Every structure is written in C-alpha cells, then in structure tokens.
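The next block holds one structure in the form of structure tokens; read it before the comments.
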Amino acid sequence: MQMRLQETPVLSVQHLTVRYGEGCPHCLAGGKLEKNRCPKCGTVYAANDISLDVYPGEVLGIVGESGSGKSTLMQSLYFDLEPTAGQAFLQNFHEGKKSIWEASAAEKRHIKNTLMGMVYQNPIRGLRMDYSAAGNIAEKIIAAGSRNAGQMTERAKELLSAVEILTSRMSEAPRNFSGGMQQRVQISKALANNPSLLLLDEVTTGLDLSVQARVLDLIRKIRARYGISILLVSHDLAVIRMLADRTVVMLDGRIIEKGLTDQILEDPQQAYTQQLVYSLL
C-alpha cells in the first residue's frame, strides 16, 4: 500500500516511554543502556521513545522477540498499563488533537468500547468464558450505550458469521470452543461497535498451523470487508509477511527499523532484522 502524504493517520503514537524505576541522570539523559536496562540505576525501559503512525485501511506489523516492547505498546494503547511519557492521537477522538493518555476515565471507556478493538494472545483476557458467544458481543455493544436486544442479536449473528462461527452455536459459551474458535469470537467482539482501529496482539501464537492459517485468512477478509486499520503484533515474521503493508522492527524497547514490508524482507538493514529474515528462509 502506498501512503499518500496528505493522508491523516488513524493513530499517531509519539515518543511513548514506559519505564520501570525512577531513572537516574545517566539514563534520563539518554545514556547507553544494557539492552533495555540502565547499568547505573537498574531502571528498565520496556518501551523507549516509540513513535509510529497507522494510516486508514492499512495493516502495520510490529515484529520483535519477547521483551522487545511490542506488547507494552499494545497494552499502553488499550489502557492496560500507564505510560511514563508520550502521546497517542486517534483521528476520531477530539479530531486527533488530544492525546488518549490525557483522556478522562469516561473518555477512556468510550475509546475502548467504540473507537478501538483489542484481540489478546490469550482469549481469557478478552472474553467472558461463561457468557455465550453472542453475550460477549452484546456486552461490548451495551458498554457503548445500546439497549436494543433485537439489534444486538442481529449484530451478533452478522459478526459470528463473518468469523465463520455457526449461528447455531451463538448461545454456547466460549469455554466450550477450541482455541482457534475462541480467537474468532474475540475478533467478532472486538468488531462489535465498528472501531476504526483493531489491535491484534500475537493472535495466532499457540494455535496449530492449520488453525493459524485460517485465523490469518479471516483477518485478511475482515480487513477487506470492513476497511479497518490494524496494528498487528507478532514475533513471527511469516505472519507479518502475510498481512502487513508496513513493518516496524523492535528490539530492547526501541524501534530499530521500519519500512514497507517488502523492503524489510528483501533488504533488511539492521543485523537483528537480517537474522529475523534469514531465519524465515
């Protein structure tokens, strides 16, 4: 996908930092860290000055090993943890002029329930396992302010069909479903209120290869059908290659390389990215 210069990002993250520890004159002034840890005071920088944009209708892939800061970024965006510093702007929140991290508690609930959808690596974090599949979707719709039972039922049928779950099973609880089906219910719940941005955090990790392939194909279809922007986190470059228009490579809490996915795969510049790409061949 070629980005037009005049296009406004759906999401713009600027200088996100998540720090565990008070910091000291050495690290606070940008001194050299040992991986992501300050050698002087022991402060850990889980995310270190991360800036990125996601454009309308694109899939931005974020790849890196465990501890690289990928999930810290996602959890910060979905208010699961508090950033130390930085700003993040959504185009449909105060016209992109107010950072979501400066939002009130009520505004944050609105953002989570209507403007963004999150799909976690572990479905237990994103679903109520004792509710029905349709009930999970209805919960998200109710949280956005709707009370029309008939509309909720129709929306649940539409979304479960979109993720290839039989509507005859919509009254079943996700605890009865396979891991791949649970992820698909989680995706349908995340889409309940037509968010402009979908956050996918390692959604295929732990699934069998054949199930992975189905989930990835489903994500492609959903992107085409709903025109949604997606921030896709994975440690697996094969997943990124299949779905992402552009790719950001993270290591030790920092972005070390970014570009069109084809460019990253065909001509990686950083030694770490080269290792990733060659491991895929």
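Quick notes
- Verdict on Asp217 being charged (D, E, K, R), free of Cβ contacts under 8 Å to residues at least 24 places away in the same chain and open to solvent by 50 Å² or more (accessible area, probe 1.4 Å): yes
- Some residue of region 240-247 being over 29 Å from Arg37 (Cα atoms) and without any contact (Cβ under 8 Å) to a residue 60 or more places away in the chain: yes
- First in region 48-59 and within 9 Å of Val13 (Cα to Cα), second anywhere and among the basic types (Lys, Arg), Cβ under 8 Å, 6 or more apart: Ile50/Arg254; Leu52/Lys258
- Any hit, region 185-204, residues being assigned to a helix (DSSP H, G or I), out of contact with any Pro (no Cβ under 7 Å at 6 or more places or on another chain) and surrounded by fewer than 19 Cβ atoms within 10 Å (Cβ to Cβ): no
- Pairs where the first residue, in region 186-201, is in contact (Cβ under 8 Å) with a residue 24 or more places away in the chain and the second is open to solvent by less than 10 Å² (accessible area, probe 1.4 Å) and part of a loop (DSSP other than H, G, I, E, B), C-beta under 6 Å, 6+ apart: Ile187/Val163; Ser188/Val163; Leu198/Ile228
- Residues that are farther than 14 Å from Asp252 by Cβ, open to solvent by 20 Å² or more (accessible area, probe 1.4 Å) and part of a loop (DSSP other than H, G, I, E, B) occur in region 43-56; there is at least one.
- Strands (runs of 3 or more DSSP E) enclosed by region 228-281 - at least 2 residues per element that are in contact with a helix residue (DSSP H, G or I) (Cβ under 7 Å, 6 or more places away or on another chain) and over 28 Å from Ala192 (Cβ atoms): 246-251, 254-260
- Test: residue in region 10-17 that is assigned to a loop (DSSP other than H, G, I, E, B), open to solvent by less than 30 Å² (accessible area, probe 1.4 Å) and in contact (Cβ under 8 Å) with a residue 60 or more places away in the chain: yes
The values are calculated or read from the model by the stated rules, or taken from the named source; none is laboratory data. What you see is a predicted model, and the numbers here were worked out from it, not measured in a lab. Don't worry about glycine lacking a Cβ; one is built from the backbone with ideal geometry, like all the others, and counts go over all protein chains shown. Side chains are part of the model used for accessible areas, which takes the heavy atoms of the whole protein and leaves out ligands, DNA and RNA. Shrake-Rupley method; radii C 1.70, N 1.55, O 1.52, S 1.80 Å.
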